[in-house]
Amino acid sequence: MVSTQAAASASSRGRSIRFLTRQNTHSLYVAAAGALLSCTLVVDLLLQRDAFDLWVLWALLAFCLALSMTALVMGRRFPVAVGLGCVVVFTIASLYFLSPGGDESSAVASAQELPILALYLGWFVPRPLGRILMLVITALLVVVLAINPLFRASGVLGVPTGVQTIVIALLCFEVGSMLWRQSERRITTDELTGALNRGAFLERFGHDLARAARTGAPLSVVIIDFDGFKQLNDTRGHAAGDAALSGTVLRWREALRAHDPIGRLGGDEFALILEHSDAERAEGVVERLREVSQHDWSWGIAQALPGDDMERLLARADEALYALKRRRAG
């Protein structure tokens, strides 16, 4: 009996784990937002408004419940485009209930829904589309609240309620934008050094190389490999190696221009993209970085030539790096 209960408990835990691993932040937020909006709609239905409003509320409630379940079932596969469409639908509904002719309870309920929509726009909708949509929604919201007698100085809700509705929606959007930036940093940034990780660096490299090819501006790439890094790890420990990498990258960042990206390609290998810099100028940058570095390293420089792609340019920089290492070893 005990073994049967233990097996059932283990099976239940396994299903829960599988369910959670299918989800991501986006699907969980959409499911939670759908549940919260459903609660507000249930409260609205209990107020028993006129027949047309009841029909709209029942349709929105069914839509919310379906949205929440779909997000949980699809999990990571739930597309942002669908979520954005739902935001548009609920924004239109909220503006409708905030418009003249509605009662104060429906206006308050709709105002409470707007922060949920604004947070979604800031957190999950790509830039600059999310900000443009938020500006449009804010402008429409200002117009609707301005013409609604409930939000006038002599109205039941008053001007402060209308101002708070707008401010809270904008605040939630900015909070969402901050969360988006944090998640982007986690995805694109090397945790130890703060440099771009390999995937993010190569993506940036492709954009910069294409722009240099269009404009004809010089561009150089520098490949850097730390000298004696394995020996440092073996003799002084990995903590000393980590400190050497993070400290050196910090000093590079202080010595470089703000828009010069640093990428960690793997281990103790790094790369720099120097826009508007030919090979000679890149050599000057390297000398400046060597002066501020706390650990020795070797480097290879390659300037982009007409017709170069990323692989060819990186290969030339690698060749220059290992040629320098051979000369130093000799």
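The values are calculated or read from the model by the stated rules, or taken from the named source; none is laboratory data. Since this is a predicted model, take the numbers as computed values, not measurements. Heads up, the Cβs are rebuilt from the backbone with ideal geometry, glycines too, and the neighbour counts pull from every protein chain shown.
Here are the numbers for this structure:
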item: Leading residue by the ranking (farthest from Pro128 (Cα to Cα)) among those in region 178-196 that are buried (at least 19 other Cβ atoms within 10 Å of the Cβ) and not hydrophobic (A, V, I, L, M, F, W, C); result: Thr193
item: In region 213-231, the residues that are in contact with a strand residue (DSSP E or B) (Cβ under 8 Å, 6 or more places away or on another chain) and surrounded by fewer than 19 Cβ atoms within 10 Å (Cβ to Cβ); result: Ala217, Pro218, Asp227
item: Residue in region 264-285 that is of a type in the set (S, T, N, Q), surrounded by 14 or more Cβ atoms within 10 Å (Cβ to Cβ) and in a helix (DSSP H, G or I) present; result: no
item: Unique match (being at pLDDT 95 or above and under 23 Å from the mean Cα position of the chain (by Cα)) among Leu202, Leu171; result: Leu171
item: Contacts under 7 angstrom Cβ, first residue in region 246-271 being among the small types (Gly, Ala, Ser), partner in a loop (DSSP other than H, G, I, E, B), 6 or more apart; result: Ser246/Leu192; Ser246/Thr193; Gly247/Gln294; Gly263/Ala195
item: Residue in region 314-321 that is closer than 21 Å to Ala200 by Cβ, within 30 Å of the chain's Cα centre (by Cα) and free of Cβ contacts under 8 Å to residues at least 12 places away in the same chain present; result: no
item: Identity of the residue in region 132-165, under 26 Å from Thr25 (Cα atoms), surrounded by 15 or more Cβ atoms within 10 Å (Cβ to Cβ) and not polar (S, T, N, Q), that ends up farthest from the chain's Cα centre (by Cα); result: Ile137
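Residues are listed down the side, and each one gets a yes or a no for (1) surrounded by 13 or more Cβ atoms within 10 Å (Cβ to Cβ); (2) over 19 Å from Asn197 (Cβ atoms):
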residue: Ser246; (1), (2): yes, no
residue: Glu254; (1), (2): no, yes
residue: Glu287; (1), (2): no, yes
residue: Lys325; (1), (2): yes, yes
residue: Ala329; (1), (2): no, yes
